[in-house]
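K.L.:
Encoded as structure tokens, here's the structure I'll be asking about.
The values are calculated or read from the model by the stated rules, or taken from the named source; none is laboratory data. What you see is a predicted model, and the numbers here were worked out from it, not measured in a lab. All Cβ positions, glycine included, derive from the backbone under ideal geometry; neighbour counts span all protein chains shown.
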Amino acid sequence: MTTRINLISGPRNISTALMYAFRSRPDTTVLDEPLFGAFLEKTGVDHPGRAETIASMNTDVQSVIHGQILGAFDTPIVFIKNMGHHIAEFDDWSWLLEVRNVFLTRDPAEVLVSFSQNVPNPTIELTGFQGQVRLQRYLREAGRPAPVFDARQILEDPRSTLEHLCHELNIPWDESMLSWEPGPKPEDGAWGPYWYERAWASTGFQPYTPRDVEVPEELSDLLAACEALYSELRAG
């Protein structure tokens, strides 16, 4: 039986690095945001790399869910990197009950400062926090609460945090998760050149560096809304 790990992340949360960590395992296949193309096509959101992303992906949601996410794989473990707002945009969440879910989040101020460099004037939906909380509530009500990890936890202590993550997911710990080769990976989405520069330069999780981030005044209301959602998400 295939163990399917579904990462429910937000943007700028080291989700690509975590995908690379799982990709380093010999027992794991990874999928990079399989719902992104469908999300862009439905919403009309103008993300960097929009056209090539849509052109390179299957945008039929049910086909993606049943043919890719829940499809057949040669490895015993599949790691699916997803964004919470990509999942939440569509009506069918029932497939979440067929996978092992885990949430990845990050301090909202750090998210907004990083995200707004690529997407000016981000909305609450695009930050990912709102979608993550909606999905968290759904899973909790379904009796399937999922663990929540903060990007900072991983960066401060990759080994113990990833060991704990593996324990929560009921899979064996693998030392290979701590490092990977630099550069693009075959599984990377078509949007990689716009978003993955730091991930491609990395060979492992970079040590956490405290930053005095200044969120622009025009994003102060958005920051407050994200902080409330972040607190709920972290509380589980």
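K.L.:
Where the second residue is polar (S, T, N, Q) and the first is surrounded by fewer than 17 Cβ atoms within 10 Å (Cβ to Cβ) and lies in the range 44-60, which pairs have Cβ atoms under 7 Å and are six or more apart or on separate chains?
P.N.:
The qualifying pairs are Pro48/Asn118.
K.L.:
Anything in the range 178-234 that is closer than 24 Å to Leu165 by Cα and without any contact (Cβ under 8 Å) to a residue 24 or more places away in the chain? List them, or say none.
P.N.:
Listed by number, the residues that qualify are Glu181, Pro182, Arg198, Trp200, Thr209, Pro210, Ser231.
K.L.:
Now a separate question. Residues being in contact (Cβ under 8 Å) with a residue 60 or more places away in the chain and over 17 Å from Leu223 (Cα atoms): count how many of those fall in the range 86-117.
P.N.:
Number of matching residues: 9.
K.L.:
Turning to a different aspect of this structure: Can you pull out every residue in the range 26-35 that is under 13 Å from Glu187 (Cβ atoms) and either buried (at least 20 other Cβ atoms within 10 Å of the Cβ) or among the small types (Gly, Ala, Ser) (or both)?
P.N.:
Thr28, Val30, Leu31, Asp32, Glu33, Pro34
K.L.:
If you scan the range 111-127, which residues turn out to be in contact with a Ser or Thr (Cβ under 8 Å, 6 or more places away or on another chain) and assigned to a loop (DSSP other than H, G, I, E, B)?
P.N.:
Selection gives Pro122 alone.
K.L.:
To continue, here is another question. Name the single residue, out of those in the range 138-159 being free of Cβ contacts under 8 Å to residues at least 12 places away in the same chain and of a type in the set (Asp, Glu), that is surrounded by the fewest Cβ atoms within 10 Å (Cβ to Cβ).
P.N.:
Glu141
K.L.:
Here's something else I'd like to know. For the range 29-110, which fully contained helices (runs of 4 or more DSSP H) count at least 3 residues that are more than 22 Å from Val148 (Cα to Cα)?
P.N.:
36-43, 50-56
K.L.:
Among the listed residues Glu89, Glu98, identify the single one that is surrounded by 15 or more Cβ atoms within 10 Å (Cβ to Cβ), of a type in the set (Asp, Glu) and at pLDDT 95 or above.
P.N.:
Residue meeting the stated conditions: Glu89.
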